[in-house]
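This report concerns only the one structure given below.
The values are calculated or read from the model by the stated rules, or taken from the named source; none is laboratory data. From a predicted model like this one, the values you see are computed outputs, not experimental measurements. Counting neighbours? That spans all protein chains shown, and the Cβs are built from the backbone with ideal geometry, glycine included.
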Amino acid sequence: MLMRRLSSEQFAAWELHMYMDTHPYDREMFMSMKKHRDEASKLKTEYEAKYGPLTHDAANDVSESWTQNPWPWEYRPELEDIPRAMGISDQGGNYNVPV
């Protein structure tokens, strides 16, 4: 939901930016564009605080350690306890199945 709100604000800001190309003296639309741009910036900051950087240049860590974390499609919280329930232990990242 947060990403959808962010996308909506970015879209509105961009559309108004293009409108301003042909109507540079429309103060009301300029203020509306600024409001959407500010809201998009706030939502982007909130999103990145919760989920990590949206772009590679948003990451402050130059070591790119964010690439070592699980990708969104690799993390499944509903499966987190299944290996332990089956008696499988994780030692050093390798699952050892009891024989």
Point to revise | Positions within the range 39-53 being touching a helix residue (DSSP H, G or I) at 6+ places or on another chain (Cβ under 9 Å) and either of a type in the set (A, V, I, L, M, F, W, C) or in a helix (DSSP H, G or I) (or both), in sequence order | key: Glu39, Ala40, Ser41, Lys42, Leu43, Lys44, Glu46, Tyr47, Glu48, Lys50, Tyr51
Revision key, fill the gap. Going through the range 1-19 in order, the residues found to be closer than 13 Å to Glu46 by Cα and in contact with a helix residue (DSSP H, G or I) (Cβ under 8 Å, 6 or more places away or on another chain) are Leu2, Met3, Arg5, Leu6
Exercise for review: Report whether or not Asn69 is loosely packed, with under 12 Cβ neighbours inside 10 Å, more than 26 Å from the chain's Cα centre (by Cα), modelled with pLDDT under 95 and of a type in the set (S, T, N, Q).
Suggested key: no
Check your understanding: Of these, Pro24, Pro98, which one is at pLDDT 60 or above and outside any helix (DSSP H, G or I)?
Key -> Pro24
